[in-house]
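Presented below is the structure to which this report refers.
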C-alpha cells in the first residue's frame, strides 16, 4: 500500500543552465571561426551546418550575435561532445604541423650559423644530399651578406621540410604496419 517514494530530481540551477548555454555558444563560435577546409571535415547535423554557414556570411554585429544564439539553441538538443572532440583533433593537427615547421626553421638557422651542424643533421637524416645542402648554405649566407632576397634560404627550408616529412611519413608507415 505504501509505494516506495521515488527520489526527487534535483533541479539544475539557473546559473548552471546559463553556463551550459554559454559553453555551447562558445563551441558554436569555434565552429564559425574554423577555416573553411577544416569546417568541411567536421560532421554536423544539416540544420547546424546551415546555421554556422549563415553566421559566417553575416558581417553586422547584431545579426552575428543573434545567429550565435540560434546556433547555441540548436546545439542544446545535440550531444556536443563529438563536435568538441573533432575541433580538438583539428587543433591538435595544427599544433603538430606548427611544431614541425618550427623544427625545420631551427635546423635552417643552425645550418646557416654553423658548418658543424651539417654533420649532425646528416646523422639524423642520412638520405640528404650533403653537397647540395652545403651549396645552399653557402648561397644563403652570400645572399644575406649582400642584402639580396633570400632565394637560397627558402630553398634550404623547402629541402629540409621535405626531408623531415619523408622521415615522419616513414615513421607513420612503420607504426601502421606494427599495429596490423
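Points worth noting:
- Dividing the mean sequence gap of close Cα pairs (under 8 Å, 6+ apart) by how many residues segment 14-78 holds gives a relative contact order of 48 percent.
- For the chain: relative contact order, % (alpha-carbon pairs under 8 angstrom, 6 or more apart): 17 percent
- Directionally averaged projected area (the chain, Cα convex hull): 20.7 nm².
- Percent of Cα-Cα distances greater than 22 Å, calculated over segment 94-179: 30 percent
- Packing-based exposure ordering (other Cβ within 10 Å, fewest first) of 130, 139: 130, 139
- Only Cα pairs under 8 Å and 6+ residues apart enter the sum, and on that basis the relative contact order of segment 94-179 stands at 30 percent.
- Rounded to 10°, Cα long-axis angle of helix 61-76 versus longest principal axis of the chain: 70 degrees
Bear in mind these aren't lab numbers, they're just calculated from the coordinates by the rules spelled out. Since we're looking at a predicted model, the values are computed, not measured. Glycine gets a Cβ as well: all are built from the backbone with ideal geometry, and neighbour counts include every protein chain shown.
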